[in-house]
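The values are calculated or read from the model by the stated rules, or taken from the named source; none is laboratory data. Predicted model only: the values in this text are computed from it and were never measured. Glycine also receives a Cβ, built like all others from the backbone with ideal geometry; neighbour counts cover every protein chain displayed. Ligands, DNA and RNA are excluded from the accessible area calculation, which covers all protein heavy atoms including side chains. Shrake-Rupley method; radii C 1.70, N 1.55, O 1.52, S 1.80 Å.
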Amino acid sequence: HVRSRRQRQMCIRDSDSIPASYGLTSEGYLILTANVFALMGLRQLYFLIGSLLERLVYLSLGLAVILGFIALKLIGHAMHHYGLDQAWFGFSSEVSIGVSLGVIAVTLALTTVASLIKSRKDDATADV
């Protein structure tokens with residue numbers, strides 16, 4: 001019963017990545033392929049990194065920042081598509097893929113480093 005619940009949770013998590021993927025590209029085939037490969041091959045990684053996720057205490061905060069950025073990027077893309085960014089703000093609200101990937105990489109790196117520092121600090125105080 002626990003295993004089937006965990007599998008349902010993973011499928012829900014995988015379907016949540018589709019809107020996030022549209023934040024990076026509008027190529028439907030690329031998004032479909034990435035999600036199919038995620039469902040097929042990366043399922044085992046969820047179990048392998050389970051203990052690592054316990055140490056990444058700030059990962060949920062970093063993912064929230066990333067999803068917020070993607071939401072703003074999607075809003076900016078829609079505004080650019082209808083010409084509202086130039087009319088309202090006087091500049092283009094389009095964000096390049098390089099900037100998007102940079103924000104994602106930096107956010108993940110910062111949350112990972114901060115989480116590992118906190119985990120080490122917590123382990124050191126627990127040993128004392």
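The figures follow:
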{"quantity": "Within the stretch 53-71, considering residues that are over 14 Å from the mean Cα position of the chain (by Cα) and loosely packed, with under 13 Cβ neighbours inside 10 Å, the one nearest to V103 (Cα to Cα)", "calculated": "L53"}
{"quantity": "Any chance L74 is open to solvent by 90 Å² or more (accessible area, probe 1.4 Å), out of contact with any Leu (no Cβ under 9 Å at 6 or more places or on another chain), part of a helix (DSSP H, G or I) and at pLDDT 85 or above", "calculated": "no"}
{"quantity": "Criterion (within 15 Å of R55 (Cβ to Cβ), touching a residue at least 12 places away in the same chain (Cβ under 8 Å) and either surrounded by 13 or more Cβ atoms within 10 Å (Cβ to Cβ) or not aliphatic (A, V, I, L, M) (or both)) met by exactly one of S93, S100, S115", "calculated": "S115"}
